[in-house]
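Undergrad: Take this structure first; my questions come after.
The values are calculated or read from the model by the stated rules, or taken from the named source; none is laboratory data. These numbers were taken from a predicted model, which means no experiment stands behind them. Here the Cβ positions follow ideal geometry from the backbone for every residue, glycine too, while neighbour counts run over all protein chains shown.
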Amino acid sequence: MVRKHKPPTIADLPAEERPRERLLKHGADHVSNAELVAILLRTGTPTENVVRLAGRLLAQFGGLHGLAQAHASELTQIHGMGTAKAAQLIAALALGSRLAAAQPQQRPQIRTAADAARYVMDMRYLPQEHVRLILLDNNSRVLATPTVYIGTVNTSVLRIAELFREAITRNSPALVLAHNHPNGNADPSPEDVELTRSLISAGEMLDIQVVDHIIIGERDWRSLREMGLAFERKPKHPSAG
């Protein structure tokens, strides 16, 4: 008889690696979005620890922005999410939204490639390629993070105009493109570089700056700007320094 291997739980981790303990000791800046959601949910399922459940939620709803707009009926359809967990999550995200609305200067600020990568790191959990935009205001603060495409990323199927539609609608002067590589390798492909060049060129005509293109792998990420790929011109937006 084959004995099924039980997945590790949060309690199995060393104390210094547990999200709640790290939050209390080091502060929220040292805890990922998935781990913060896991702290709210408290428990996972018999086959999945709570951090994996939180990561799956973020991936399915397109990050915190999408999760904040999810209805209770949508949340409770997710395996491992009951009404109590859904209510806790909705309440916490609603409080965050109200605070952000009251204090817009507190919206996350994207000053570096690392800031952008941390903001969309939940994309590493996605089973297929997704394209997101981090839309920025004039102070490099995040306006929204819409998912604009799901599928293989290449210029033959990805319409450049569709990528800018959200930026134009929200009057965003700059954006960061982000997408994931489900195979785990964050290195950019020739298609990624070609897409970035096309996006930069279109952005110049629309007066919307493409600040960077971030690729998320399973354990790491790449910035095409930092790698010197596609970004040959000096950036004008403050967040692209």
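Undergrad: In the list Ala178, Ala202, which residue meets the criterion of being assigned to a helix (DSSP H, G or I), surrounded by 14 or more Cβ atoms within 10 Å (Cβ to Cβ) and at negative phi?
TA: Details: Ala178 fails: assigned to a helix (DSSP H, G or I).
Exactly one of Ala178, Ala202 is assigned to a helix (DSSP H, G or I), surrounded by 14 or more Cβ atoms within 10 Å (Cβ to Cβ) and at negative phi, namely Ala202.
Undergrad: In the range 219-229, is there at least one residue being in contact with a Lys or Arg (Cβ under 8 Å, 6 or more places away or on another chain), under 22 Å from Thr112 (Cβ atoms), touching a residue at least 60 places away in the same chain (Cβ under 8 Å) and surrounded by fewer than 16 Cβ atoms within 10 Å (Cβ to Cβ)? Before the answer, list the steps.
TA: Looking only at the range 219-229, we keep the residues that are in contact with a Lys or Arg (Cβ under 8 Å, 6 or more places away or on another chain), and these are 219.
Restricting the remaining residues to those that are under 22 Å from Thr112 (Cβ atoms) gives 219.
From what is left, the residues that are touching a residue at least 60 places away in the same chain (Cβ under 8 Å) are 219.
With surrounded by fewer than 16 Cβ atoms within 10 Å (Cβ to Cβ) added as a condition, the list becomes 219.
There is at least one residue in the range 219-229 that is in contact with a Lys or Arg (Cβ under 8 Å, 6 or more places away or on another chain), under 22 Å from Thr112 (Cβ atoms), touching a residue at least 60 places away in the same chain (Cβ under 8 Å) and surrounded by fewer than 16 Cβ atoms within 10 Å (Cβ to Cβ).
Undergrad: Return the residues of the range 16-37 that are under 16 Å from the mean Cα position of the chain (by Cα) and at pLDDT 85 or above; say none if nothing qualifies.
TA: Passing the criteria: Ser32, Asn33, Ala34, Glu35, Leu36, Val37.
Undergrad: Follow-up. Which of the residues spanning the range 185-211 are farther than 22 Å from Met121 by Cα, in contact (Cβ under 8 Å) with a residue 12 or more places away in the chain and small (Gly, Ala, Ser)?
TA: Ser198, Ala202, Gly203
Undergrad: Any idea which of (1) within 20 Å of Val31 (Cα to Cα); (2) surrounded by fewer than 18 Cβ atoms within 10 Å (Cβ to Cβ); (3) at pLDDT 90 or above; (4) not polar (S, T, N, Q) is the one Leu99 doesn't satisfy?
TA: The number of the failed condition is (3).
Undergrad: Residues to consider are His130, His65, His79; find the one that is in the same structural domain as Glu21 (by TED's automatic domain parsing) and either of a type in the set (Lys, Arg) or touching a residue at least 60 places away in the same chain (Cβ under 8 Å) (or both). Walk me through it before giving the result.
TA: Numbers: His130 fails: in the same structural domain as Glu21 (by TED's automatic domain parsing); His79 fails: either of a type in the set (Lys, Arg) or touching a residue at least 60 places away in the same chain (Cβ under 8 Å) (or both).
Exactly one of His130, His65, His79 is in the same structural domain as Glu21 (by TED's automatic domain parsing) and either of a type in the set (Lys, Arg) or touching a residue at least 60 places away in the same chain (Cβ under 8 Å) (or both), namely His65.
Undergrad: Within the range 16-35, track down each residue that is in a helix (DSSP H, G or I) and in contact (Cβ under 8 Å) with a residue 12 or more places away in the chain. Break it down into steps so the answer makes sense when it comes.
TA: Initially, the range 16-35 is screened for residues in a helix (DSSP H, G or I), giving 16-17, 19-26, 28-30, 33-35.
Passing the criteria: Pro19, Arg20, Arg22, Leu23, Asn33, Ala34, Glu35.
Undergrad: Before we move on, is Ser73 surrounded by fewer than 16 Cβ atoms within 10 Å (Cβ to Cβ), out of contact with any Phe, Trp or Tyr (no Cβ under 8 Å at 6 or more places or on another chain), hydroxyl-bearing (Ser, Thr, Tyr) and modelled with pLDDT under 90?
TA: no
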